[in-house]
Amino acid sequence: MSSVKEKIEKIKGIIADTALSCGKKPEDVLLIAVTKKKSMETVKEAVQCGAGNFGENYIQEATSKIDIIGKEKACWHFIGHLQTNKAGIAVKYFEYIHTVDSFKLAKEIDRQAKAIDKIQKILLQVNISKEKTKSGIDAEKIFELVRQIHTFENISIQGLMCMPPYFEEPERSRPFFRTLLKIRNDINTCQFLNVSLNHLSMGMSNDFKVAIEEGSTMVRIGTSLFGERS
């Protein structure tokens, strides 16, 4: 058994145990293997070892991998900052875009998706910690963004995404995850047309268990599967 396979099975086991401990089904939490800066061989091995969802941060790096590995055995998630002028490439290659944080970007994604007759699944990134170094829309502005884009015909708003500050102690991330859950629930209560936010993309290698306890449906795991980035 390869070390990657062992790590994938270990993480899936922790996800399942954590989900069950808080009354959820293991299959309700998606493991996204974050493969930025990882070799083609590593990604191929992860596919063979049962990782079906992959997160990439950089358009150029990702497209070269997707061109070779394809989309039949892998579902691709864009989880990095997306420039508006790269939206068309992202729409062509990715099933999910997790990092939509402006009307301008959402409008361009909708336009590009319409051009290829696609309904693009997106998540809205919220800068839950108000860190200037991180992308994402302010929590106070998220309702207005949903109000502006919920009628776009070629995007499907699937949920919210956040990246809290890094803490050595995972428990310190809990308030940020809890806040995103509340925002998601409040948006759903508003009953916007065509908006039912089922997903929360939150939790990484150091804090994904806490994230699941607070409602995460997508955890983005890189280091625990593949080691530190070189």
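Listed values, structure above:
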quantity	calculated
One residue from Ala115, Ala106 being among the small types (Gly, Ala, Ser), surrounded by fewer than 18 Cβ atoms within 10 Å (Cβ to Cβ) and farther than 21 Å from Ile68 by Cα	Ala115
Residue match in region 118-130 (condition: modelled with pLDDT under 95 and over 17 Å from Asp186 (Cβ atoms))	yes
Residue within region 164-182 that is among the β-branched types (Val, Ile, Thr) and in contact with a Ser or Thr (Cβ under 9 Å, 6 or more places away or on another chain) present	no
Single match in Lys121, Lys71, Lys141 (criterion: farther than 17 Å from Val195 by Cβ and either of a type in the set (D, E, K, R) or surrounded by fewer than 19 Cβ atoms within 10 Å (Cβ to Cβ) (or both))	Lys71
Residue count, region 88-103 (criterion: surrounded by 21 or more Cβ atoms within 10 Å (Cβ to Cβ), free of Cβ contacts under 8 Å to residues at least 60 places away in the same chain and within 27 Å of Glu41 (Cα to Cα))	4
Helices (runs of 4 or more DSSP H) fully within region 35-146 counting 1 or more residues that are farther than 30 Å from Gly13 by Cβ	59-69, 87-93, 103-115
Condition met for Glu95 (acidic (Asp, Glu) and more than 15 Å from the chain's Cα centre (by Cα))	no
Selection from region 1-23 of residues that are of a type outside the set (Gly, Ala, Ser), loosely packed, with under 15 Cβ neighbours inside 10 Å and within 19 Å of Gly215 (Cβ to Cβ)	Asp17, Leu20, Cys22
Top-ranked residue in region 83-100 [being of a type in the set (Ser, Thr, Tyr) and in contact with a strand residue (DSSP E or B) (Cβ under 9 Å, 6 or more places away or on another chain); ranked as nearest to Ser135 (Cα to Cα)]	Thr99
Count - residues of region 11-33 that are part of a strand (DSSP E or B) and out of contact with any helix residue (DSSP H, G or I) (no Cβ under 8 Å at 6 or more places or on another chain)	2
Cβ pairs under 6 Å, 6+ apart, first in region 16-45 and at positive phi, second loosely packed, with under 14 Cβ neighbours inside 10 Å	Lys37/Arg229
Flag if Ser39 is farther than 29 Å from Lys209 by Cβ and surrounded by fewer than 22 Cβ atoms within 10 Å (Cβ to Cβ)	no
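Quick grid of which residues meet (1) aliphatic (A, V, I, L, M); (2) within 15 Å of the chain's Cα centre (by Cα):
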| residue | (1), (2) |
| --- | --- |
| Ile79 | yes, yes |
| Gln83 | no, no |
| Lys86 | no, no |
| Ala90 | yes, yes |
| Asp101 | no, yes |
| Lys107 | no, no |
| Lys130 | no, no |
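Yes/no per residue for (1) touching a helix residue (DSSP H, G or I) at 6+ places or on another chain (Cβ under 6 Å); (2) modelled with pLDDT of 95 or more; (3) not in a helix (DSSP H, G or I):
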residue	(1), (2), (3)
Glu153	no, yes, yes
Glu168	no, no, yes
Glu171	no, yes, no
Arg174	yes, yes, no
Leu180	no, yes, no
Asn194	no, no, yes
Gly203	yes, yes, yes
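The values are calculated or read from the model by the stated rules, or taken from the named source; none is laboratory data. Bear in mind that the values here come from a model prediction, so they are computed numbers and not experimental data. All Cβ positions, even for glycine, are placed from backbone atoms using ideal geometry, and neighbour counts span all protein chains on display.
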